[in-house]
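These notes are about the structure you will find just below.
The values are calculated or read from the model by the stated rules, or taken from the named source; none is laboratory data. Computed from a prediction, not measured in an experiment: that's the story for all the values here. Accessible surface areas use protein heavy atoms only, side chains included; no ligands, DNA or RNA. Shrake-Rupley method; radii C 1.70, N 1.55, O 1.52, S 1.80 Å.
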Amino acid sequence: MASHSAAHGNDPRQFGGGLGRISVIVPTLNEQEHLAVTLSRVALAPGDELIVVDGGSSDQTVTIAQQFTPHVLQSSPGRALQMNRGAQHAHGDILLFLHADTLLPPAALEAVRQAVRAGAIGGAFRLTITPPTLALRLVAWGTNVRARFGQLPYGDQALFMPRAIFEALGGYDDVPFMEDVCMVQALRKRGRLVILPQAVHTSGRRWQRDGVLYTTVWNTVLITLYFCGVPPATLQRWYRARRRGASATAR
């Protein structure tokens, strides 16, 4: 990824163009359980496009994606790699990166369009986690506080930005982990992110699988270590090792 140093002038309107067309980019890997519902909730306006970038799924993910869009690409696995590949093939003025288990709210793309036309350098949506148990509502509340006041939304909140700014930043860092945090850090150097009041609904499967308290604490540890300078590749190894340990304990 190119240097994240701020360019002269951070207003996306300086780059020209209509800032109207949106490319929704969805990285996938074995997401047949969630993908159809996710893609069915992407309401494109004329000129918008939906791009799915698959990282080598062994299930029916690609077949499902092809039912919703002709723009289904193949890539090496890795969310950052897949999203960058999707952006390279995108024609939109605005890029929105959507996780395969995250549902957009009604009129989401119009809200994004208006935010960018008003000068937003990037942004994300408020988060709701399903099923809305008390524990997961508390996790979502903490996430929304962090995003709004700490300016640190995560990728499952559907990050968006003008294409020109994405390209000026060099795309997502080629890292195996924390690629969303890297991008948000880069965007924050250019201005304040917009957190839209509409909520995306993301699956609580990670919390349900490994336990809400365990997952929340471990995520907090990881992000703290990241800001202390631990490389993303190291964090990914620790994350996977902990996941294996949690799965073994569950069995």
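Over the Cα atoms of segment 109-165, each weighted equally, I'd like the Debye log10 I(q)/I(0) at q = 0.16, 0.20, 0.28 Å⁻¹, rounded to two decimals.
-0.54, -0.76, -1.11
State the percentage of accessible surface on the chain attributable to carbon and sulfur atoms; use a 1.4 Å probe and exclude ligands, DNA and RNA.
Roughly 55 percent of what the probe reaches on the chain is carbon or sulfur.
Give me the accessible area per residue for segment 93-251, probe 1.4 Å, as a whole number in Å². Can you show the working numbers first?
Numbers: 7020 Å² over 159 residues.
Accessible surface, normalised per residue, equals 44 Å².
Can you give me the relative contact order of the chain as a percent, contacts being Cα pairs under 8 Å and 6 or more apart? Don't skip to the answer; put the middle values down first.
On the way: 445 pairs, mean separation 57.6, N = 251.
Rounded, it is 23 percent for the chain.
May I ask for the distance between the Cα centers of segment 172-198 and segment 47-100, given as a whole number of Å?
Cα centres, segment 172-198 to segment 47-100: 19 Å.
Can you work out the accessible area per residue across segment 33-83, with the rest of the protein chains kept in place, probe 1.4 Å, in square angstrom? Numbers along the way, then the final one.
Values: 2490 Å² over 51 residues.
Roughly 49 Å² per residue, with all protein chains present.
What translational diffusion coefficient, to the nearest whole µm²/s, does segment 19-165 have by Stokes-Einstein, given a Kirkwood radius computed over alpha-carbon pairs, a temperature of 20 °C and 1.002 mPa s viscosity?
137 µm²/s
Subtract the Cα-Cα distance of residue 107 and residue 151 from 0.36 nm times their separation in residues, and report this length gain in nm to one decimal.
On the way: separation 44, 0.36 × 44 = 15.84 nm, distance 2.33 nm.
Full extension from residue 107 to residue 151 adds 13.5 nm.
Show me, bin by bin at 5 Å from 0, the whole-percent P(r) of the chain based on Cα pairs.
The percentages, shortest bin first, are 1, 6, 13, 18, 21, 19, 13, 7, 2, 1, 0, 0.
If I build a Gaussian network model for the chain, linking alpha-carbon pairs within less than 10 angstrom, which residue out of 223, 22, 51 has the largest mean-square fluctuation?
223
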